[in-house]
């Protein structure tokens, strides 16, 4: 009997432990449910706050839109009102002038020839139209900006009139002098030059002095690489060294110095091209005059095969003037065609 009783107590203890475990699980489950409810409640409250915020913001935007619409309507009404008042004043002036012409001018027909100090209504309209057109033309052709007056192909700066062509020539000469004074230099660790594209070559072509380091160029590759570099520079290469048979070479650098700008341009063209070019300039450039010297003698100097900096500058100026003359000739031909079409 005692053994049975002992076995019954053990079973009761186990059942109590199982019951306690179930109560703890229930408690944990209830806590989790309460936590989820609180989180959901907080989320809903947060969404309500955001909703109220956006409602207030939208209401403010709508109020601003309505306010601006009212301002625009008010402005339109005022403009229409002013326009109506001006129209009434204009009609009243016309009416008064017609009455004056009927009573005061005996020759108030098509044109008033009987009185020099009185005009008919038609004459007043014509004069007014001419005055308005003249003011428009003056506003179009004469612009005053801080003591600078522009009009009809000329400009007045500080009391001195200059032609547009003269000003453009002076500006271009200044830019040319500034370009000659400035030098652009770059030192670039390229980490290999074989993988560079046309944009790289185009960029370094704008610089006066170029030093490219870590090119990894060997002697057998140099001719191919040199052909891809800009022809406007004189290039020298220090070849990369190879420590092992396998892998790439190490080091190496390339130095490029830009040739003289205009001289290089004419060196590329060649002498035959220069002769043809001088002929074109000689045909159109009537402005080329040297006091006290024979013009033919000057042209012969330009025909010579030797090129120096001064000669290249003169050839460059001739090229600019040649282009201007050609442009001017095209403009004159266009105006002539327009006039013939009008006829």
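Laboratory data are not the source of any read-out in this text; all were calculated from the coordinates shown. None of the values given here were measured: they were computed from a predicted structure. Cβ sites come from the backbone with ideal geometry, for glycine too, and all protein chains shown count toward neighbours.
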| note | One computes Rg over Rh for the stretch 21-72 from alpha-carbon atoms, with the Kirkwood Rh, and obtains 1.56
| Residues residue 76 and residue 223, FRET efficiency given R0 of 51 Å [Cβ-Cβ distance, rounded to 0.05] | 0.10
| said: Along the Cα→Cβ direction, 7 angstrom out, place labels at residue 61 and residue 37. What is the inter-label distance in nm? | reply: 3.9
| request: Order the peptides 212-225, 45-58 from the highest to the lowest mean number of other Cβ atoms within 10 Å of their residues. | output: 212-225, 45-58
| remark: By the Cα gyration tensor axes a ≥ b ≥ c (a/c under 1.5 gives rounded; else a/b larger than b/c gives prolate, otherwise oblate), the shape of the stretch 214-260 is prolate
